Amino acid sequence: MPHVRTEYDARPAPWRVGLPVNEVTSLPPVASGAFYTGETFWTAAGVAGTVLVGFLAMWTAFRSTHPKRRLNYTVSHQPLVQQVTYGSLEIRWNGALLTDPHVVRLVLTNPGRWDIPSEAFDRGDPFQVDLGVPCLEVLRTEAGPGAARAPQTEVCGSLLRIGPGLIGRGTTITYLLLVDTAPAYDCRHSLVDVKVQQVSMPAPRRITRQPLTRTP
C-alpha cells in the first residue's frame, strides 16, 4: 500500500489549525481600496446631490413667493405742556378748551429686506391704532429716508387707520397725534405674511455736562 503523505495547515485563524489543506475553504477576496472609489458610493452620492439641489430649488422658489417681511411699531405719549410755573395757561383746539392735552407719537418701521406692498393688507383692511380717547388731529406725518411716502391715514373717533399702502424696506414713518387726555393703545392689523412686532421706544440720550470750574 503506497504511503499517503498528509499535509496539515498550521496557519492561524480564521483557518482551523490541523485540518488538511484540501479541506480548508478559502474566504472570498476582500475589495481593496478606499470606500469612495466604488461605483456604488458615487451612485448614492449622485442621488443625494440631486435630491439636495431639488430641495434648494424648491426652497428658493418658496422664499421668492413668500418673502419674510417685518413691521415694527412703537407708541408713546407725553403732555403737550410739561409744566406751568406761574399763572395759568389755556390751550384750545378749534375754539374748544383742552383740559389735559397730550401728543401721541406712533412710529412704523420696516427693518426687513422686502417691501410691504398694498396687497399685504388683507381685504384692504388698514393697520389701526385705538387710542381709547378721541383723536383730535394728526399734527404731523413724516416718512424717510429720501422720497419714501407714508400710506394714507384716516381718523375715526379714537381710531387712527393707516393704509393700505406701500411701506418700503428701510422706511420709517412717524405720526404725531393730538388727544385731550392720556391715551391707552390697542393696535390691530390684517397684514399677510408680515411679522408685526411692538418694540420699545429707545431711551433718550443723556447729555453729560462737565462741571463748571472757576477761571482764575
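Laboratory data are not the source of any read-out in this text; all were calculated from the coordinates shown. The shown structure was predicted, so the numbers you read here are calculated from the model rather than taken from an experiment. So basically every Cβ, Gly included, is an ideal-geometry build from the backbone, and we count neighbours across all protein chains shown.
Before moving on, here are some points about what is shown:
- FRET efficiency, 1/(1 + (r/R0)^6) with R0 45 Å, evaluated for S88 and R169 via beta carbons: 0.40
- Extension gain for A147-R188 works out to 12.1 nm (0.36 nm per residue, less the C-alpha to C-alpha distance).
- Cα-Cα P(r), the range 73-159, percent of pairs per 5 Å interval: 3, 9, 18, 21, 17, 13, 8, 6, 3, 2, 1
- Highest-first arrangement of 69-78, 141-150, 170-179, where packing means the average Cβ count within 10 Å: 170-179, 69-78, 141-150
- Length gained on full extension, W114 to L176: 19.7 nm, using 0.36 nm per residue less the C-alpha separation.
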